Each structure stands twice: as structure tokens, then as C-alpha cells.
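See below for the structure under consideration.
The values are calculated or read from the model by the stated rules, or taken from the named source; none is laboratory data. Predicted model only: the values in this text are computed from it and were never measured. Cβ: placed from backbone, ideal geometry, glycine included. Neighbour counts: every protein chain shown.
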């Protein structure tokens, strides 16, 4: 299972904070991003950062592992 | 002694943070601090409250990295970073950074660098509550 997390403005748009996606062999970050985009059209337009297991990633072709945690995040505004 | 990097709901004591920083080394000749607090006015609107949300585990890890990088980059003797994640009222404390070095220039430079990097790298978001409703904040300079 892949755990997908949404925070702040992104969570408001998708109206949920967590979603589980079945893991399949060979799954990439692109596959998850595509699925999220299909389920929540418009949500990705404010996503500026994606993290896999709490580390920012830029390459959507990276392979995922079962139980990975993926976060979709808008621009930060702490401080 | 409290952890030098923390995310917490409750307010913090600047005196306690500075005392903890000073206790780490007697070679410290300069301490620079930054206190971020909640304004009651933003982008032309009154602001009554600010709510914070964080990706806690990543935010804390990134803040710890920031501290380590700052200590190395500016040759600090120690540094502390505390960020509140809760709902605050105008005037309340939000974030505190303290950088201690042998001399003032490094402390000033590091303090500025840490808060600038924190705003860019740490997954925390703020939502302002105004008479017109609530709105997530985009970055301020």
C-alpha cells in the first residue's frame, strides 16, 4: 500500500488528508501523480513539492516501494 | 535541557532558549536571535488569527538539517530553532531562532540565513483568518 498525504491548501482542494493506493510492482511516482490528478482535477496545479518518505523528489520516474509515503505539498509559508 | 530544534503548540520562552544556547559553550561572544510573531494586518486585510499546519516528521527533519548546515556553514557554536504549530492570535509568538558564534558577524548572518531557508524548505503552512474568511498564505518576502 502507498500512503498519500495532503497538507494545507492541497488538502483543502482534495477534501481529504490521506489516501491509500494499492502498490503494484514497478510502480513509479508518475503513476501515483497521474492517479491523484485523475481523482482530483485541479489539485496538482498548486502542488509545488512532492516528497517520498519525507524527502523532496523531483524525478517523477523514480520507482516506489510498498509502504512508501508520498506527500503532495503547496508552497511553504511557515515562519 | 529541551531539544535545540522543536515544533510545538505551546509558546516558548526566549530567555530559556538563549540560556540553553549560552550553556552550550563559553566561547560564545555573540548571539543573534529572530522572533517571528503574528501580525493583525496582512495584504490590506485585518487578521484575527493565524492557523499553522505542518508535515510534522518532514518539517522537524528539515529543521534539524538546517541547524546542522548553519552550524557548519557559519562556524556557529550552537543554534536553536523553535516553531509553533497551532492557532495563534495577533501578537503571539510563532518562530524563534537563535544563533551563537564566537563573533557577531557569523551570528547575524546565520540567523538571517536560517529563517530565509526555513521559509523555503520547511513544510509548514499558515492560514489567515480575516473578516472576509480564511485564506492560505502565499510566501511573504
Residues being within 12 Å of another protein chain (Cβ to nearest Cβ), outside any helix (DSSP H, G or I) and either under 23 Å from residue B:41 (Cα atoms) or without any contact (Cβ under 8 Å) to a residue 60 or more places away in the chain (or both) - total across the range B:57-92: 3
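To keep it simple, each residue is scored yes or no on (1) part of a loop (DSSP other than H, G, I, E, B); (2) surrounded by 14 or more Cβ atoms within 10 Å (Cβ to Cβ); (3) touching a strand residue (DSSP E or B) at 6+ places or on another chain (Cβ under 8 Å).
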{"residue": "A:20", "(1), (2), (3)": "no, no, yes"}
{"residue": "A:41", "(1), (2), (3)": "yes, no, no"}
{"residue": "A:44", "(1), (2), (3)": "no, yes, yes"}
{"residue": "A:50", "(1), (2), (3)": "no, yes, yes"}
{"residue": "A:65", "(1), (2), (3)": "yes, no, no"}
{"residue": "A:70", "(1), (2), (3)": "no, yes, yes"}
{"residue": "A:79", "(1), (2), (3)": "yes, yes, yes"}
Members of the range A:58-74 found to be within 23 Å of residue B:60 (Cα to Cα) and either away from chain B (no Cβ under 12 Å) or at pLDDT below 95 (or both), listed by number: A:58, A:67, A:68
Count of residues meeting criterion [within 12 Å of chain A (Cβ to nearest Cβ) and either surrounded by fewer than 17 Cβ atoms within 10 Å (Cβ to Cβ) or assigned to a helix (DSSP H, G or I) (or both)] in the range B:113-130: 8
Residue A:4 being part of a strand (DSSP E or B) and within 14 Å of chain B (Cβ to nearest Cβ): yes
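When you look at residue A:36, is it surrounded by 16 or more Cβ atoms within 10 Å (Cβ to Cβ), within 11 Å of chain B (Cβ to nearest Cβ) and either without any contact (Cβ under 8 Å) to a residue 24 or more places away in the chain or farther than 20 Å from residue B:54 by Cβ (or both), yes or no? Show your work before the answer.
On the way: surrounded by 16 or more Cβ atoms within 10 Å (Cβ to Cβ): yes; within 11 Å of chain B (Cβ to nearest Cβ): no; either without any contact (Cβ under 8 Å) to a residue 24 or more places away in the chain or farther than 20 Å from residue B:54 by Cβ (or both): yes.
No: the conditions fail for residue A:36.
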Any hit, the range B:96-107, residues being within 13 Å of another protein chain (Cβ to nearest Cβ) and closer than 20 Å to residue B:67 by Cα: yes
